[in-house]
1. Can you find, within the stretch 19-74, the residue that is nearest to LYS92 (Cα to Cα) among those that are among the β-branched types (Val, Ile, Thr) and touching a strand residue (DSSP E or B) at 6+ places or on another chain (Cβ under 7 Å)?
2. Would you pick out the residues in the stretch 69-97 that are closer than 23 Å to LEU32 by Cβ and surrounded by fewer than 13 Cβ atoms within 10 Å (Cβ to Cβ)?
3. Do you know which of the residues in the stretch 71-95 that are outside any helix (DSSP H, G or I) and within 13 Å of TYR58 (Cα to Cα) is nearest to the chain's Cα centre (by Cα)?
4. Just checking, does the stretch 101-121 include any residue being modelled with pLDDT under 95, assigned to a loop (DSSP other than H, G, I, E, B) and surrounded by 14 or more Cβ atoms within 10 Å (Cβ to Cβ)?
5. Could you list, ordered by first residue, the pairs with Cβ atoms under 7 Å in which the first is in the stretch 33-62 and outside the structural domain of ILE93 (by TED's automatic domain parsing) and the second is loosely packed, with under 13 Cβ neighbours inside 10 Å and part of a loop (DSSP other than H, G, I, E, B), at least 6 apart or interchain?
6. Name the residues in the stretch 20-31 that are within 26 Å of PHE96 (Cβ to Cβ) and exposed (fewer than 15 other Cβ atoms within 10 Å of the Cβ), would you?
7. Can you tell me how many residues in the stretch 36-64 are crowded, with 16+ Cβ neighbours inside 10 Å and of a type in the set (S, T, N, Q)?
Amino acid sequence: MEYGINNKVNTVGKELNLEAIKVRYIKRKDVLRHLWTGKRLSKEYFAVVGKEYEVVHYLERFMFDFKSVFREKSKVMLAGFIEIYEDSVYSKIKSFINGLSMDISAVANAVELPYSNGFIEGNNNRLKMIKRMMYGRAKLPLLEAGILNGEQIFLANDTQN
């Protein structure tokens, strides 16, 4: 079986004989999932992608180092991470490191402290979803009921119409 990266789409409108094509395409999202979690993409497939795109191995090391900073909860490792990657040949990584450097106190606190604003962000997301669901339906009383009782009130109203 031959491995490839799917960059082309059949736009001519011809039928493809899928039995004759013995290619396993590796999707971009699978590569990104592998880089972030280390799972879902076999080492064989990752080696094929790494051979075609050398940056993938660099990104794998970058992601491992970044996650290690948070795993160890070390400001010293954060400073070392920034120092290692601040002169990267890849502009996106340089930009990321520049953003970390500009807000170093907040990043250092995020690394070292156990606090998270995930709960607040989750509530904001929930409230925005409720607001979108009620768009054009009613005014403040329905929004208040939706927030207090959850979004089930909107789903119940949809089934009645």
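1. Looking only at the stretch 19-74, we keep the residues that are among the β-branched types (Val, Ile, Thr), and these are 21, 23, 26, 31, 37, 48-49, 55-56, 69.
Now narrow it down to the ones that are touching a strand residue (DSSP E or B) at 6+ places or on another chain (Cβ under 7 Å): 23, 26, 48-49.
Working: VAL23: 31, ILE26: 23, VAL48: 23, VAL49: 20 Å.
That would be VAL49.
2. ARG71, VAL89, SER91, LYS92, SER95
3. Of the stretch 71-95, the ones outside any helix (DSSP H, G or I) are 73-74, 86-90.
Filter again for within 13 Å of TYR58 (Cα to Cα), leaving 88-90.
On the way: SER88: 21, VAL89: 22, TYR90: 19 Å.
That would be TYR90.
4. No - not one qualifying residue is present in the stretch 101-121.
5. Close Cβ pairs (under 7 Å, with a partner that is loosely packed, with under 13 Cβ neighbours inside 10 Å and part of a loop (DSSP other than H, G, I, E, B)) do not exist here.
6. Initially, the stretch 20-31 is screened for residues within 26 Å of PHE96 (Cβ to Cβ), giving 26-31.
Of everything in the stretch 20-31, those that are within 26 Å of PHE96 (Cβ to Cβ) and exposed (fewer than 15 other Cβ atoms within 10 Å of the Cβ) turn out to be LYS27, ARG28, LYS29.
7. Total meeting the criteria: 0.
The values are calculated or read from the model by the stated rules, or taken from the named source; none is laboratory data. The shown structure was predicted, so the numbers you read here are calculated from the model rather than taken from an experiment. Every residue, glycine among them, receives a Cβ derived from its backbone with ideal geometry; neighbour counts consider all protein chains shown.
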